[in-house]
Amino acid sequence: MSVEARPFQPQAEDQEQVETKRGSTSTFSRVAKYTLVRVIMLFFTVATGVFLTIMIANMGGYVDNIMRGNIREGLAMQMQQDPAYKEMQPDERQQYMASLIELEEKRLGLDKPFVTRAFRYLTNALVLDLGRAVQMTSDTGSKEVRLIILERLPPTLLLMGTSNLVLFFGSLFAALALSRQYGSIWDKAIIALSPTSSAPSWFYGLFLILIFAAVLRVLPFGGMVGSPPASTRWGYFLDVGKHLILPASGLIISSLFLSIYNWRTFFLIYSTEDYVEMAKAKGLTDREIERRYILRPTLPNIITNFSLLIITLWTGAIITETVFQWPGLGRTYFTAIGLYDTPVIVGNTIIYAYLLAMTVFLLDFIYALVDPRVKIGDS
Amino acid sequence: MAENNSSLLDVHDLKLHFRASAGIVQAVDGVNFQLNRNEAVVVLGESGCGKTSLAKALLRLLPRNVAEYSGEVYLGGEELMGLTDEEYRKQIRWVRMSMVPQAAMNALNPVLRVGDQVAEPMMIHAGIKKEEALAQARDMFSRVGVSADFLHRYAFELSGGMRQRVAIAMSLVTLPDLVVLDEPTSALDVLTQANIFNLLKRIKKEFEVSFILITHDIATSSELADRVAVMYAGQIVEVGDAESFFSAPLHPYAQKLMASVPRLRGDQELEFIIGKPPSLIDLPTGCRFAARCPRRFEKCDQDPPVFDMGNRRIVKCWLYEGN
């Protein structure tokens with residue numbers, strides 16, 4: 001070591017000691033404290049979100065009135081049509097009906113004030129006791145919300161999974177290629193096409209149905225399997241695949257160009273960093289620069305996007321599924337909203353809320369793994 | 001002249017123009033200079049005179065909006081401008097020419113260990129294994145005064161001076177002939193600056209490497225300079241060896257520039273140059289310094305040629321016509 005370099009040495013060693021001292025004593029307690037605080041905070045966030053959903057799904061208690069009206073109307077109709085009641089005295093009949101109404105209201109819990117029930121719904125939801133649907137049933141005839149959701153989940157995962165994975169990786173790699181050719185004809189074409197995303201996926205779905213199902217008659221109008229269902233397993237796969245093409249294409253087309261445009265701009269910003277220029281000066285190939293100097297530093301953003309995308313699969317595509325008669329969660333949502341079937345709406349929401357909270361929680365730890373600058377619980 | 005054998009870099013009429021919304025920016029506009037092996041040339045000039053663009057033109061680090069990139073650059077007798085990008089990458093980048101960036105903080109990848117980044121060029125160009133490359137990086141670290149432990153650190157864990165040393169180690173690791181230093185110390189405090197300059201001086205001797213040092217810091221750079229090139233409005237207006245330049249600059253701009261540097265002894269008032277450099281988009285037709293020149297005369301309305309003053313000294317000013 002030369003003499004002139006010495007002034008640096010003590011400084012550097014000091015720095016090192018400080019860091020190791022701090023690191024060894026408090027890492028565990030720092031992470032533990034952070035984890036605890038984070039879990040509590042996320043739990044409150046979930047509880048608030050679900051409570052708001054309960055309030056909104058019940059229209060702040062107004063759904064009670066609708067249901068009371070429905071009960072009265074239903075019972076009155078029933079009594080009028082049933083000849084057995086015609087013999088009864090009007091007073092007696094009135095009394096009997098009142099007792100029936102009371103019984104039915106008690107069955108649905110309408111005898112207790114809405115606020116009390118809202119909190120009971122909340123606690124039930126938070127412990128994942130999803131309860132029974134008011135009117136909807138699963139295909140096996142069960143009113144258990146859990147069974148309804150489990151039954152509708154696989155089709156949604158298939159549709160949303162296929163389209164979102166194609167969309168994510170397709171746009172990521174297209175954007176990476178495009179960011180290398182800034183200002184090229186392809187670049188300009190994608191920018192010009194990005195407003196196509198202003199129309200929703202079901203809008204494209206309608207056109208796809210018109211072209212490929214109604215005019216060309218090559219693909220089915222909707223549903224997930226043909227009727228009657230194929231007898232062999234292979235045939236069944238092919239059949240589902242065929243039904244998948246149009247709704248998945250609708251979902252992909254409606255987001256593809258904007259998504260590419262988004263990622264392309266993102267990569268363009270990161271590719272002007274000094275260290276990218278330095279990597280070029282060092283003689284790295286374009287592929288190495290992309291991998292180590294663009295994708296690697298932006299990995300936290302990419303992971304965030306990807307994990308949020310994975311959990312949004314849960315919500316399904318409400319209108320697209322309805323347009324294509326796809327038997328998924330999105331369509332279930334749509335039906336439940338129409339029927340004021342609050343337990344189904346709340347059941348679906350609570351699972352999504354928990355998934356979201358878990359993802360956010362895990363992401364903090366993943367950031368610390370992929371980015372050395374991030375330390376968990378460091379202020 | 002004997003120097004021709006040891007000539008490392010010859011630049012002829014190098015041009016780098018950019019397209020901007022207001023017009024064409026003539027950042028490097030016909031630059032000529034020559035550099036010998038194991039020589040350090042300091043490129044002096046105000047901000048915005050095209051110094052950094054000159055570095056980028058030499059290193060072929062071109063932005064997307066290049067309008068013109070031309071001229072001839074000979075490195076050790078080989079013409080560089082005719083090489084394809086892939087040839088240039090394989091034969092020149094970091095093999096024969098490397099660089100030290102202005103701010104090492106941004107020039108180091110924040111998520112890769114600095115040791116890996118220093119070892120990287122050897123793995124690409126010499127094709128050696130990672131362990132071997134890291135061993136060489138470790139050796140290079142000790143030669144620039146960085147502890148070997150720092151190989152496993154990240155850029156954000158190092159001080160500014162340390163980062164700059166890492167960047168210097170990185171520039172030398174493949175033993176190139178020429179290192180381009182773009183204001184390597186402008187982001188550092190004075191003490192650290194002095195340290196880095198001492199290090200560079202030692203390295204130049206040890207590695208027999210040539211430096212192109214781009215700076216606006218006249219005082220500090222005089223420590224390292226063998227030769228000085230003064231740049232004004234995209235052109236080089238004077239080149240000379242350091243000793244004769246610092247004792248008697250020829251070009252009026254260089255004279256004014258030198259007069260603006262404080263000296264320890266003598267009671268001279270610091271001078272400044274009235275006006276500002278011309279916009280690189282809208283350049284005057286004659287001498288580009290004429291509008292600010294105290295010694296302006298009729299001839300200055302025409303663009304002056306480069307006058308050879310002998311002893312590898314050139315000046316682009318009508319005052320020296322016929323010398």
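The values are calculated or read from the model by the stated rules, or taken from the named source; none is laboratory data. No experiment lies behind these values; they were computed from the predicted model shown. Ideal geometry is used to build each Cβ from the backbone, glycine not excepted, and the neighbour counts take in all protein chains shown.
Here is how the numbers come out for the structure above:
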item	result
Of the criteria (1) more than 7 Å from chain A (Cβ to nearest Cβ); (2) surrounded by fewer than 18 Cβ atoms within 10 Å (Cβ to Cβ), which one B:PRO110 fails	(1)
Residue count, region B:117-135 (criterion: crowded, with 18+ Cβ neighbours inside 10 Å and either in contact with a His (Cβ under 9 Å, 6 or more places away or on another chain) or more than 7 Å from chain A (Cβ to nearest Cβ) (or both))	6
Any hit, region A:336-354, residues being of a type in the set (Gly, Ala, Ser), in contact with a Phe, Trp or Tyr (Cβ under 7 Å, 6 or more places away or on another chain) and crowded, with 19+ Cβ neighbours inside 10 Å	no
Scope region B:165-178; condition more than 11 Å from chain A (Cβ to nearest Cβ) and among the β-branched types (Val, Ile, Thr); matching residues	B:VAL166, B:ILE168
In region B:35-58, the residues that are of a type outside the set (D, E, K, R), surrounded by fewer than 20 Cβ atoms within 10 Å (Cβ to Cβ) and within 26 Å of B:GLY76 (Cβ to Cβ)	B:ASN36, B:ASN38, B:THR52
Unique match (being within 9 Å of chain B (Cβ to nearest Cβ) and over 18 Å from A:LEU158 (Cα atoms)) among A:TYR293, A:TYR261	A:TYR293
Positions within region B:75-99 being more than 10 Å from every other protein chain (Cβ to nearest Cβ) and assigned to a strand (DSSP E or B), in sequence order	B:LEU75, B:GLU78, B:GLU79
Number of positions in region B:289-320 that are among the polar types (S, T, N, Q) and touching a residue at least 24 places away in the same chain (Cβ under 8 Å)	1
Residues within region A:264-287 that are crowded, with 16+ Cβ neighbours inside 10 Å and within 13 Å of chain B (Cβ to nearest Cβ), tallied	15
Scan of region B:47-67 for residues that are farther than 30 Å from B:PHE207 by Cα and either at pLDDT below 90 or in contact with a helix residue (DSSP H, G or I) (Cβ under 7 Å, 6 or more places away or on another chain) (or both), ordered by number	B:SER47, B:GLY48, B:CYS49, B:PRO63, B:ARG64, B:ASN65
Residue under evaluation A:TYR367, criteria (1) surrounded by fewer than 17 Cβ atoms within 10 Å (Cβ to Cβ); (2) more than 18 Å from A:GLU151 (Cβ to Cβ); (3) in contact with a helix residue (DSSP H, G or I) (Cβ under 6 Å, 6 or more places away or on another chain), criterion not met	(1)
Options A:LEU309, A:LEU355, A:LEU339: the member that is away from chain B (no Cβ under 14 Å) and touching a Leu at 6+ places or on another chain (Cβ under 9 Å)	A:LEU309
Selected residue (only one of A:GLY131, A:GLY141 is crowded, with 16+ Cβ neighbours inside 10 Å, under 33 Å from the mean Cα position of the chain (by Cα) and small (Gly, Ala, Ser))	A:GLY131
Residue that is nearest to the chain's Cα centre (by Cα) [pool: residues in region A:323-379 that are more than 30 Å from A:THR27 (Cα to Cα) and assigned to a loop (DSSP other than H, G, I, E, B)]	A:GLY328
Matching entry among A:VAL240, A:VAL215, A:VAL225 (being of a type in the set (A, V, I, L, M, F, W, C), over 30 Å from A:ASN262 (Cβ atoms), in the same structural domain as A:SER259 (by TED's automatic domain parsing) and touching a helix residue (DSSP H, G or I) at 6+ places or on another chain (Cβ under 7 Å))	A:VAL225
Test: residue in region A:300-322 that is charged (D, E, K, R), in a helix (DSSP H, G or I) and under 19 Å from the mean Cα position of the chain (by Cα)	yes
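A quick yes/no check of all residues on (1) surrounded by fewer than 16 Cβ atoms within 10 Å (Cβ to Cβ); (2) more than 21 Å from A:THR359 (Cα to Cα); (3) more than 14 Å from chain B (Cβ to nearest Cβ); (4) modelled with pLDDT of 50 or more:
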{"site": "A:THR20", "(1), (2), (3), (4)": "yes, yes, no, no"}
{"site": "A:ILE40", "(1), (2), (3), (4)": "yes, no, yes, yes"}
{"site": "A:ALA47", "(1), (2), (3), (4)": "no, no, yes, yes"}
{"site": "A:GLY60", "(1), (2), (3), (4)": "yes, yes, yes, yes"}
{"site": "A:ASP64", "(1), (2), (3), (4)": "no, yes, yes, yes"}
{"site": "A:GLY69", "(1), (2), (3), (4)": "yes, yes, yes, yes"}
